[in-house]
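We did not get these values from a lab; they are worked out from the coordinates using the rules stated. Given the structure is predicted, the values throughout are model-derived calculations rather than measurements. Cβ placement follows ideal geometry from the backbone for every residue including glycine, while neighbour counts extend to all protein chains displayed.
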Amino acid sequence: MQPLVESDIRESFKNATESELAQMTLPLDFPLTEWALLDAFAWRDPRIAARGYLVTELDGEPAGVVLRAAGVNGSHHRAAICNICHTHQPGDQVLLFSARRTGAAGERGDSVGTYMCSDLACQETVRLGRPPAPSEVLPSVKEIERIEAVAQRTRAFVADVVGSA
């Protein structure tokens, strides 16, 4: 992903209201972001618990969407799977996130939702994987394919929200 500064992030949001952008808080470690290792940048707002943000690239340009986390429904004793990184986790670590569509559809209240890691760390989770063997320098083909699949699912979700799917 291309390196972004705060103004790039704020300008990238396609479904945000002016008040949502004014309330947005970037993560404390934002200046330390290693953009070359990411296909998307996502975080939960540290001041507004039910809000998250997701920025990826569509057609070479940053495209961001504001996310709203659904309330926890008590299913934390069951396992769940994130639809973005396909990681199996305890149910309380996967939440339904929705994003208001852009344009007239969003004004009518239409939204798109999917289950994601509750901390929105799918990009990091998919890259954790298993530790490499001593003879391995680069990730395996399977790991590269998994990372690319996460990037594709992330872009498809954002494209669905902005209406360019």
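Which value in deg cm²/dmol, rounded to the nearest 500, describes the helix-derived mean residue ellipticity at 222 nm for the chain, given -39,500 (n - 2.57) per DSSP H run of n ≥ 4 and division by the residue count?
Result for the chain: -8000 deg cm²/dmol, rounded to the nearest 500.
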*Label-point separation (nm) for S111 and H88, each offset 7 Å from Cα along Cα-to-Cβ?*
3.0
*asked:* I need the calculated FRET efficiency for the pair E124 and S19, taking r as the beta carbon distance and R₀ as 22 Å, to the nearest 0.05.
replied: 0.15
*Among I147, I48, I84, which comes first, second and so on when ranked by fewest other beta-carbon atoms within 10 Å?*
I48, I147, I84
*Distance from a point 7 Å along Cα→Cβ of W35 to each backbone N in segment 1-18: keep the residues under 20 Å and list them by number.*
1-14
*Send over the semi-axes of segment 6-162's equivalent ellipsoid, whole angstrom and largest first, taken as the square roots of 5 times the C-alpha gyration tensor eigenvalues.*
26, 19, 15
_GNM flexibility winner over the chain from D29, D45, D119 (Cα, springs under 10 Å)_ = D29
_Could you give each residue of segment 93-108 its phi-based ³J(HN,Hα) in whole Hz, using Karplus coefficients 6.51, -1.76, 1.60 with θ = phi - 60°, and x for Gly or Pro?_
9, 10, 10, 7, 10, 10, 9, 5, 5, 7, x, 4, 4, x, 5, 7
*Compute the label zone of V141 within segment 82-119: residues whose backbone N is under 20 Å from the point 7 Å along Cα-to-Cβ.*
none
*State, to one decimal in nm, how far the label point of A79 lies from the label point of E148, with both points 7 Å from Cα in the Cβ direction.*
2.8
